[in-house]
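The values are calculated or read from the model by the stated rules, or taken from the named source; none is laboratory data. In this text the structure is predicted, and so the values were computed from the model without any measurement. All Cβ positions, glycine included, derive from the backbone under ideal geometry; neighbour counts span all protein chains shown.
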Amino acid sequence: MLPISPITHIRHIHLPGITPFHLAQAIQQNLVTKYLEYKALVSSPSPPTPLPEAPQPTVLTFTPTPVYTTGRREHDTLTPSQISLLKAPLYALSPTTGKEIKQSKDPKYTPQYAEIEQTLRGGQTTFHGPGQLVVYPVIDLRTAFPKFPKGISVRCYVHLLESTTIATLQRWSMKGVRTENPGVWEESGERKIAALGVHLRRSISSYGVGLNIQTDLRWFERIVACGLVGKGVTSMWAIEEERGFSGEEKFRTERPDLWDLHGRNYKNAMCPDLVALQWVEEFAKGLYGVYEDDKVELQTGFIKDRELQLKGYLHG
Amino acid sequence: MASIARSLRPAASRFVASSSRRAPSWRISPFQVRSFSASGAAQAKKYTKDHEWIELSEDKKTGYIGISEYAAHALGDVVYVELPTTPMEVKAGDAIGAVESVKSASDINSPISGTIVAVNELLEERPGTINKGPEDESSAGGWVAKVEVDETGVKDLDDLMDAAAYKEFTAEE
């Protein structure tokens with residue numbers, strides 16, 4: 001029987017800017033592999049003594065290049081016409097007329113193209129891309145956390161991802177709700193704001209949440225998001241627009257430090273970098289009951305010489 | 001990324017090879033169907049820490065693999081089961097498929113080394129069967145795969161838990 005050692009803190013690896021999706025996948029795979037190798041080692045007939053240190057529970061956050069990902073049960077089910085639709089260019093919109101700009105030499109109007117990737121997660125086709133925060137916690141669910149002394153069941157884990165996302169939205173005075181369909185939905189339950197899909201291999205988690213912050217929602221028009229016909233998709237910024245930016249004043253007065261940090265611009269402040277920090281703080285609360293700076297070790301990742309380099313910071 | 005490619009393999013080739021799975025070689029004949037009550041001749045069921053079970057036939061040449069009652073209950077309603085292509089040689093711990101519920105896909109691993117020679121096709125059409133009888137290896141049950149076992153496979157059984165040890169293991173979780 002393996003002794004369960006309580007984990008004292010989690011590591012947050014954030015990749016700032018926009019990361020090629022396949023690169024973020026490779027980083028996640030690397031984290032998972034380290035865990036699986038450790039598990040294989042300690043459960044081998046003759047485990048080494050003393051045992052090497054267990055890998056640290058890690059949350060990887062990033063914003064990827066545009067990509068449609070398919071869930072496990074849909075592999076090879078896309079038809080050629082669906083594929084060509086998903087791969088079609090998405091044109092920039094003219095700021096004055098709102099019409100698509102199909103021909104322009106201005107690099108800021110270059111059309112965007114999405115890739116299609118198969119993943120091992122549960123759930124169905126979804127979109128990830130600029131303006132969205134993707135959160136991949138890689139943790140061993142069979143580990144004792146203060147709030148989960150006997151480990152985390154699959155259903156509790158999905159619930160935790162949802163409640164963490166709801167708490168993050170609450171920080172922006174937005175109400176996220178659960179419905180009979182997984183994911184997190186805006187208040188009415190008609191439009192999804194965060195998609196969810198998880199893979200578990202020997203109780204090691206991968207994949208997780210895609211939270212729309214300022215995602216171009218036109219990407220979702222090409223798919224029936226998560227297989228739910230008749231339901232829509234929204235983003236935090238879209239909700240803010242609908243409520244007449246009532247969150248801006250609150251943000252400015254409550255967090256003058258963050259307001260200044262983001263150039264006194266609300267649209268800049270509502271960014272994946274900030275929401276990622278908030279999400280991981282809420283996740284730490286979900287696991288430890290409280291959030292303290294020493295519960296999360298933040299590392300900012302950047303790619304140099306084709307390798308992931310990490311710079312350490314303290315969270316908060 | 002090699003491990004991604006490897007674990008994708010069962011799914012990727014699943015559709016191509018599905019016709020071969022319909023080969024008559026393993027079609028359950030009335031003589032092969034064993035009801036639960038008549039399974040006394042089988043070897044004792046063994047369990048993994050990842051909640052798979054395996055039960056060998058009396059001659060120790062074949063066995064059935066599935067997920068445990070405990071796992072099926074913990075997962076909740078199963079909406080999709082990914083099955084391996086056959087035949088498929090596996091080592092103990094290799095992924096042979098996945099079971100999906102509430103937006104999470106959990107790998108199913110082979111408890112022992114051997115060759116997967118048949119899968120429970122019923123699970124493709126009715127994945128919920130796995131909730132009703134995850135440890136049932138009859139034709140209407142929720143077993144996942146049938147495996148041909150060699151000596152290594154039989155030896156692998158020594159590393160697994162018997163029913164009593166597994167019960168104790170899950171009580172601690």
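Only one of (1) more than 24 Å from A:Pro20 (Cβ to Cβ); (2) buried (at least 17 other Cβ atoms within 10 Å of the Cβ); (3) at pLDDT below 90 fails for A:Pro57. Which number is that?
A:Pro57 satisfies all of (1) more than 24 Å from A:Pro20 (Cβ to Cβ); (2) buried (at least 17 other Cβ atoms within 10 Å of the Cβ); (3) at pLDDT below 90 except (3).
Of the residues in segment A:174-184, how many are modelled with pLDDT of 95 or more and either buried (at least 17 other Cβ atoms within 10 Å of the Cβ) or not charged (D, E, K, R) (or both)?
4
Suppose the filter is more than 9 Å from chain A (Cβ to nearest Cβ), over 19 Å from B:Lys132 (Cβ atoms) and in contact with a strand residue (DSSP E or B) (Cβ under 7 Å, 6 or more places away or on another chain); does B:Ile67 pass it?
no
Given (1) surrounded by fewer than 15 Cβ atoms within 10 Å (Cβ to Cβ); (2) farther than 30 Å from A:Lys295 by Cβ; (3) within 14 Å of chain B (Cβ to nearest Cβ); (4) among the hydrophobic types (A, V, I, L, M, F, W, C), where does A:Leu93 come up short, assuming only one miss?
(3)
Please work out which residue is farthest from the chain's Cα centre (by Cα), limiting yourself to segment B:143-173 and to residues that are assigned to a loop (DSSP other than H, G, I, E, B) and closer than 14 Å to B:Gly63 by Cβ.
It comes out as B:Asp150.
Yes or no: A:Pro57 closer than 30 Å to B:Ala92 by Cα and either small (Gly, Ala, Ser) or more than 25 Å from the chain's Cα centre (by Cα) (or both)? Break it down stepwise before answering.
Working: closer than 30 Å to B:Ala92 by Cα: yes; either small (Gly, Ala, Ser) or more than 25 Å from the chain's Cα centre (by Cα) (or both): no.
In short, no.
With the condition kept exactly as written, say whether any residue in segment A:152-167 is at pLDDT below 95 and outside any helix (DSSP H, G or I).
Within segment A:152-167, one or more residues are at pLDDT below 95 and outside any helix (DSSP H, G or I).
Which condition breaks for A:Met236 when tested against (1) modelled with pLDDT of 95 or more; (2) surrounded by fewer than 18 Cβ atoms within 10 Å (Cβ to Cβ)?
(2)
Can you tell me how many residues within segment A:60-80 are over 28 Å from A:Ile18 (Cβ atoms) and within 13 Å of another protein chain (Cβ to nearest Cβ)? Lay out the reasoning, then the answer.
Residues of segment A:60-80 that are over 28 Å from A:Ile18 (Cβ atoms), as a first pass: A:73, A:76-77, A:79-80.
Now restrict to residues that are within 13 Å of another protein chain (Cβ to nearest Cβ): A:73, A:76-77.
Residues meeting the conditions: 3.
Applying the selection to segment A:282-311, what residues are in contact (Cβ under 8 Å) with a residue 12 or more places away in the chain, within 11 Å of A:His9 (Cα to Cα) and among the acidic types (Asp, Glu)?
A:Asp293, A:Asp294, A:Glu297 - these are the residues of segment A:282-311 that are in contact (Cβ under 8 Å) with a residue 12 or more places away in the chain, within 11 Å of A:His9 (Cα to Cα) and among the acidic types (Asp, Glu).
Condition check ((1) of a type in the set (Val, Ile, Thr); (2) within 13 Å of another protein chain (Cβ to nearest Cβ); (3) farther than 27 Å from A:Glu37 by Cβ) across all residues:
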| site | (1), (2), (3) |
| --- | --- |
| B:Thr85 | yes, yes, no |
| B:Ile108 | yes, yes, no |
| B:Pro134 | no, no, yes |
| B:Asp150 | no, no, no |
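Residues that are surrounded by fewer than 22 Cβ atoms within 10 Å (Cβ to Cβ): find the strands (runs of 3 or more DSSP E) completely inside segment A:107-147 holding 1 or more of those. Give the derivation first.
Values: elements: A:115-118, A:126-128, A:132-138.
Where strands (runs of 3 or more DSSP E) fall fully within segment A:107-147 and carry at least 1 residues being surrounded by fewer than 22 Cβ atoms within 10 Å (Cβ to Cβ), they are A:115-118.
In segment B:94-116, what count of residues is obtained for those that are farther than 25 Å from B:Asn131 by Cβ and surrounded by fewer than 24 Cβ atoms within 10 Å (Cβ to Cβ)?
2
Quick one: which helices (runs of 4 or more DSSP H) sit completely within segment A:219-306 and have at least 1 residues that are in contact with a strand residue (DSSP E or B) (Cβ under 8 Å, 6 or more places away or on another chain)?
A:236-242, A:272-288
Specify which of the listed residues (A:Arg178, A:Arg243, A:Arg191) is away from chain B (no Cβ under 14 Å) and in contact (Cβ under 8 Å) with a residue 12 or more places away in the chain.
On inspection, the qualifying residue turns out to be A:Arg191.
May I ask you to list the residues in segment A:202-233 that are at pLDDT below 95 and within 14 Å of chain B (Cβ to nearest Cβ)?
Selection gives A:Arg202, A:Ser203, A:Ala225, A:Cys226, A:Gly227, A:Leu228.
Taking A:Leu161 as the residue in question, decide whether it is closer than 26 Å to A:Gly301 by Cβ, within 11 Å of chain B (Cβ to nearest Cβ), touching a Pro at 6+ places or on another chain (Cβ under 9 Å) and touching a residue at least 24 places away in the same chain (Cβ under 8 Å). Spell out how you get there, then give the answer.
Details: closer than 26 Å to A:Gly301 by Cβ: yes; within 11 Å of chain B (Cβ to nearest Cβ): yes; touching a Pro at 6+ places or on another chain (Cβ under 9 Å): yes; touching a residue at least 24 places away in the same chain (Cβ under 8 Å): yes.
Yes; evaluated as a whole, the condition is true for this residue.
Residues in segment A:61-84: is at least one among the small types (Gly, Ala, Ser), surrounded by 13 or more Cβ atoms within 10 Å (Cβ to Cβ) and out of contact with any Leu (no Cβ under 9 Å at 6 or more places or on another chain)?
Checked against the condition, which is being among the small types (Gly, Ala, Ser), surrounded by 13 or more Cβ atoms within 10 Å (Cβ to Cβ) and out of contact with any Leu (no Cβ under 9 Å at 6 or more places or on another chain), segment A:61-84 yields no hits at all.
Take the residues in segment A:148-158 that are within 9 Å of chain B (Cβ to nearest Cβ) and of a type outside the set (S, T, N, Q); name whichever of them is surrounded by the fewest Cβ atoms within 10 Å (Cβ to Cβ).
Residue satisfying both the conditions and the ranking: A:Lys150.
Return the only residue of A:Ile27, A:Ile13 being among the aliphatic types (A, V, I, L, M) and away from chain B (no Cβ under 14 Å). Walk me through it before giving the result.
Numbers: A:Ile27 fails: away from chain B (no Cβ under 14 Å).
Matching residue, one of A:Ile27, A:Ile13: A:Ile13.
Report the residue count in segment B:118-133 for those that are under 11 Å from the mean Cα position of the chain (by Cα) and under 18 Å from B:Met88 (Cα atoms).
Residues meeting the conditions: 3.
Just give me the residues in segment B:87-106 being within 14 Å of chain A (Cβ to nearest Cβ), touching a Ser or Thr at 6+ places or on another chain (Cβ under 6 Å) and among the acidic types (Asp, Glu), in sequence order.
B:Asp94
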